[in-house]
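One structure follows; several queries about it will come next.
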Amino acid sequence: MAGVVTAHPAEAPCAPSGEPVSLDEVVVRIERDGVRYAFVGEQHAVGPVKRFAVDLANAFVDRGVEVGLYVEGFRTDCPPRDEACRSISHAFNRGAFLALLDNSRATVHALDPPPTGERAASMAAIVADGPEAIKIVLVGRSHVVFAGDPDAVHPVFGGAVLYPNPGDLAEAFPRRRTLTFDFEDGVDAGVPYRLRSDGCSGDYVVSAAPTAQY
């Protein structure tokens, strides 16, 4: 999913810091600040952003922290590997979603609810009910990006659809307990992804080449 959040005309443009950061620095911040929810906004067809979410979750497993990985790509009413279940993973990038399952050492939870009129609320309830101390949540970036304006819209599917409530999932949780990661396409040859500080569309930005490969 691509696009930007519209800004309120009375507000000055946000200037992201753009400072590069490491995965270890993010992990230290989460532990230091008592963050419980890390929302990773993604483009479902892109593989490396899934790898980032897995790397972040596995970093906490390695530190002995109870962590769960919540993934919008899998339907809540069927097992993630069920080939008969039509899900986001089938529609966009089955191979990368399966690689996520294979590489995550954290428990993976399905987050994509059956069609309802309260999609974000349903996903928020699943995350809130999870037992882990830290929860990594991988969802379409329209559910994560900062709005900064109650009237903002977020163009998705190349602008074909305007999402009317950007940030609706991340904003359901206490701000002091959350970190958000926006995603952008980039040409980063030789590395799966790069991280930098932001503060505009998210606390951080994950950039990677728009490849399907995990």
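Write down Rg/Rh for the chain, rounded to two decimals, with Rg from the C-alpha atoms and Rh from the Kirkwood relation over Cα pairs.
Value, to two decimals: 0.93.
For an R0 of 30 angstrom, estimate the FRET efficiency from the Cβ-Cβ distance between Cys85 and Thr211 and round to the nearest 0.05.
The value I calculate is 0.75.
Return the long-range amide H neighbours of Gly140 (sequence gap of 5 or more, or a different chain), with a cut-off of under 5 Å between placed amide H atoms.
Excluding prolines and chain starts, which carry no amide H, the hits are Glu42.
Give me the percent of DSSP beta bridges within the chain that run antiparallel, rounded to the nearest 5.
Percentage antiparallel, nearest 5: 25.
Next question. Length gain on complete extension for the stretch Ala160 to Arg63, per 0.36 nm per residue less the alpha carbon to alpha carbon distance?
30.7 nm
Tell me the relative contact order for the stretch 23-208 as a rounded percent, counting alpha carbon contacts under 8 Å between residues six or more apart.
28
So which trypsin sites (Lys or Arg not before Pro) in the stretch 164-214 are both in a DSSP loop and have at most 15 other Cβ atoms within 10 Å of their Cβ?
Sites meeting the loop and neighbour criteria: none at all.
Could you compute the FRET efficiency for Asp188 and Leu98, with r as their C-beta to C-beta distance and R0 at 22 Å, rounded to 0.05?
Calculated value: 0.45.
Each value in this text was obtained by applying a stated rule to the coordinates, not by laboratory testing. Note that the structure is a prediction, hence the values are computed from the model and not measured. As a convention, Cβ positions derive from the backbone with ideal geometry for all residues, glycine included, and neighbour counts pool all protein chains shown.
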